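S.K.: Handing you a structure now.
The values are calculated or read from the model by the stated rules, or taken from the named source; none is laboratory data. Computed from a predicted model, the values in this text were never measured in an experiment. We place every Cβ from the backbone using ideal geometry, glycine too, and count neighbours over all the protein chains shown. Surface accessibility is based on the protein's heavy atoms, side chains included, excluding ligands, DNA and RNA. Shrake-Rupley method; radii C 1.70, N 1.55, O 1.52, S 1.80 Å.
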Amino acid sequence: MASSSRGHFSSRLGFIMAAAGSAVGLGNVWGFPTKAASNGGAAFLVIYLAMVFLLAFPMLVAELTIGRHGQSNPIASLRSIWTKNRAAAALFGIIAMIASSMILSFYSILAGWLMGFAASPILGMLGLQTAADWLVNFSDLRNVLLALAFSLLTIYVVRKGVADGIEKWSTRLMPVLFILFGVMIAYIFTQDGAMEGLKMYLIPDIAHITPSLLVDAMGQAFFSLSLGVGAMIVYGSYLKKDVNLPKTAAQVAAIDTGVAFAAGLLILPAMFVAKNHGVEIFDAAGNLMSSGDLVFTVLPAMFDNMGSAGVLLGFGFFILMVIAALTSSISMLEVPVSCAQDELKMTRSQATWMIGGAIALLSIIISLNFGALFNLVANVSTVYMQPLLGVVWAIVVGWVWHRNKLLDEIKQGNPEIAQSLFWKIWPWYVRFVCPVAILMVFGYSLI
Ligand code: TRP
């Protein structure tokens with residue numbers, strides 16, 4: 001039920017910062033550049049841009065519209081459309097909650113490492129070398145403690161609610177992230193070797209475009225726009241009815257893509273700068289080293305080579321990653337918390353502690369069984385659940401929702417939309433093209 005006491009974003013800018021904060025995360029700063037670097041650079045960039053525009057953006061509008069219509073948690077929002085099949089609404093809402101929680105459980109471990117890499121140079125400067133080394137070396141205890149620390153940060157923000165927690169922190173942190181990025185890109189361009197990386201990133205080589213690149217690029221686009229698991233449904237539900245949904249979605253997608261692009265401008269040149277300094281970035285067979293190595297070996301080695309400027313830059317880079325991760329993790333936790341709050345009538349604080357705590361426990365279990373569980377949880381949630389849930393949302397908007405009712409919803413905040421090009425294409429597109437295209441790419445990933 002939509003109640004008047006429900007939180008809302010207090011301004012459109014606040015919403016854009018929060019939704020862009022959800023979208024901009026490790027997927028942009030880490031996932032995108034490493035995938036681009038190992039898939040021929042510019043070839044990946046071109047296909048990625050196509051995937052964002054052709055598949056992810058229409059689905060982002062769809063998810064935001066479901067949420068804004070329901071003005072409630074994802075389960076209730078789905079129910080408000082799927083009025084004849086409330087069980088299906090509950091079922092897929094719950095699956096989305098589980099997927100979101102699974103993503104958060106492995107995401108917290110990665111974000112914890114990044115916290116360790118940010119803090120390490122500071123401890124080193126203070127002369128606490130043993131502690132500094134401990135933070136950057138793989139160990140069960142480190143993984144557990146840092147994941148817990150990051151989980152507490154996420155719980156802290158989500159517990160405060162929409163306007164005072166999510167919106168306030170996103171609006172504070174996102175501009176810091178933009179500025180840090182700008183400074184670091186400007187710096188890297190002054191270094192020898194940067195141009196080589198830039199060429200690889202911007203000049204496409206068609207030979208690299210293969211079917212598996214399409215799969216990777218679609219997965220990356222879905223992950224990057226936080227699609228499939230209800231995060232954008234729940235953020236949409238905190239939007240007021242006077243907001244123009246397609247336009248807002250386009251702005252969020254543009255910021256997300258812009259940051260991914262900027263991350264590529266930083267990381268690919270940085271790889272070659274590091275190579276110039278004698279760091280190995282390609283193995284004997286000419287393949288790029290693993291993505292983990294890139295962020296945790298190549299970049300720190302590059303910072304080490306830069307003397308005291310490097311200490312500062314390294315700190316800046318990892319803080320930037322932690323900020324990006326935090327504004328994303330809060331959107332993942334918001335999915336199950338909003339469901340528990342409304343459906344189980346819990347207070348926000350109870351729901352946040354209980355569910356945040358349960359997910360933190362899951363992070364601990366994964367940390368302690370890293371080899372067996374980490375990739376498993378990451379793959380099941382992002383390779384299977386995310387695209388398949390995306391197909392369900394496309395079916396909800398394209399088939400279950402009556403076209404006129406959909407128009408009534410999307411018209412609010414955009415009265416002229418019935419005559420627009422967007423409305424001529426989008427409903428059909430979400431009905432036919434999105435589900436089929438997602439299933440095709442997904443099917444290919446299985447073989
Ligand atoms: N989009 C974020 C990133 O690029 C991660 C993220 C936040 C996410 N919320 C999500 C991914 C929901 C999938 C589903 O890192």
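S.K.: Can you tell me which residue in region 302-313 is farthest from Gly112 (Cα to Cα), limited to those that are open to solvent by less than 30 Å² (accessible area, probe 1.4 Å) and either more than 24 Å from the chain's Cα centre (by Cα) or free of Cβ contacts under 8 Å to residues at least 40 places away in the same chain (or both)?
M.R.: Among residues in region 302-313 that are open to solvent by less than 30 Å² (accessible area, probe 1.4 Å) and either more than 24 Å from the chain's Cα centre (by Cα) or free of Cβ contacts under 8 Å to residues at least 40 places away in the same chain (or both), the one farthest from Gly112 (Cα to Cα) is Met306.
S.K.: Looking at Ala194, Ala207, Ala186, can you tell me which residue is surrounded by 20 or more Cβ atoms within 10 Å (Cβ to Cβ) and away from the ligand (no atom under 16 Å from the Cβ)?
M.R.: Exactly one of Ala194, Ala207, Ala186 is surrounded by 20 or more Cβ atoms within 10 Å (Cβ to Cβ) and away from the ligand (no atom under 16 Å from the Cβ), namely Ala194.
S.K.: If you don't mind, there's one more thing I want to ask. Is it the case, given these coordinates, that Val391 is within 13 Å of the ligand (Cβ to nearest atom) and either in contact with a helix residue (DSSP H, G or I) (Cβ under 9 Å, 6 or more places away or on another chain) or small (Gly, Ala, Ser) (or both)?
M.R.: No, not satisfied.
S.K.: Here is a follow-up. Mind checking whether some residue in region 164-176 is open to solvent by less than 60 Å² (accessible area, probe 1.4 Å) and more than 20 Å from the chain's Cα centre (by Cα)? Break it down stepwise before answering.
M.R.: Filtering region 164-176 down to residues open to solvent by less than 60 Å² (accessible area, probe 1.4 Å) leaves 165-167, 170-171, 173-175.
Now narrow it down to the ones that are more than 20 Å from the chain's Cα centre (by Cα): none.
No, the conditions are met nowhere in region 164-176.
S.K.: Within region 353-375, restricting attention to residues that are more than 20 Å from the chain's Cα centre (by Cα) and not aliphatic (A, V, I, L, M), which residue is most open to solvent (accessible area, probe 1.4 Å)?
M.R.: Ranking the candidates gives Trp353 first.
S.K.: Which condition does Leu421 not pass, out of (1) crowded, with 20+ Cβ neighbours inside 10 Å; (2) without any contact (Cβ under 8 Å) to a residue 60 or more places away in the chain; (3) over 28 Å from Ile330 (Cβ atoms), if it passes all the others?
M.R.: All conditions pass for Leu421, except number (1).
S.K.: Looking at this structure, is Asp242 modelled with pLDDT under 95, of a type in the set (D, E, K, R), away from the ligand (no atom under 13 Å from the Cβ) and under 30 Å from Gln71 (Cβ atoms)?
M.R.: Criteria met by Asp242.
S.K.: Just a yes or no: is a residue in region 431-439 over 30 Å from Asp242 (Cβ atoms), within 16 Å of the ligand (Cβ to nearest atom) and touching a residue at least 12 places away in the same chain (Cβ under 8 Å)?
M.R.: Yes: region 431-439 contains one or more residues that are over 30 Å from Asp242 (Cβ atoms), within 16 Å of the ligand (Cβ to nearest atom) and touching a residue at least 12 places away in the same chain (Cβ under 8 Å).
S.K.: Starting from residues that are open to solvent by 20 Å² or more (accessible area, probe 1.4 Å) and touching a Lys or Arg at 6+ places or on another chain (Cβ under 8 Å), keep the ones in region 154-163 and report whichever is farthest from Ile355 (Cα to Cα).
M.R.: Only one residue fits best here, namely Lys160.
S.K.: Here's another thing I want to ask about it. Wholly within region 191-283, which helices (runs of 4 or more DSSP H) include no fewer than the required count, namely at least 1 residues that are within 15 Å of Ile47 (Cα to Cα) and of a type in the set (A, V, I, L, M, F, W, C)?
M.R.: Of the helices (runs of 4 or more DSSP H) lying wholly inside region 191-283, those with at least 1 residues that are within 15 Å of Ile47 (Cα to Cα) and of a type in the set (A, V, I, L, M, F, W, C) span 194-202, 211-224, 245-276.
S.K.: Here's something else I'd like to know. Is it the case that region 380-398 has a residue that's open to solvent by 40 Å² or more (accessible area, probe 1.4 Å) and closer than 25 Å to Leu145 by Cα?
M.R.: yes
S.K.: Could I ask something else about it? Hey, Thr34 hits all of (1) open to solvent by 30 Å² or more (accessible area, probe 1.4 Å); (2) part of a helix (DSSP H, G or I); (3) at pLDDT below 90 but one; which does it fall short on?
M.R.: For Thr34, the failing item is (1).
S.K.: Would you be able to say whether some residue in region 56-69 is within 30 Å of Pro204 (Cβ to Cβ), within 16 Å of the ligand (Cβ to nearest atom) and open to solvent by 10 Å² or more (accessible area, probe 1.4 Å)?
M.R.: Scanning region 56-69 turns up at least one residue that is within 30 Å of Pro204 (Cβ to Cβ), within 16 Å of the ligand (Cβ to nearest atom) and open to solvent by 10 Å² or more (accessible area, probe 1.4 Å).
S.K.: If I go through region 259-278 residue by residue, how many of them are more than 18 Å from Thr190 (Cβ to Cβ) and either open to solvent by 40 Å² or more (accessible area, probe 1.4 Å) or at pLDDT below 85 (or both)?
M.R.: 2
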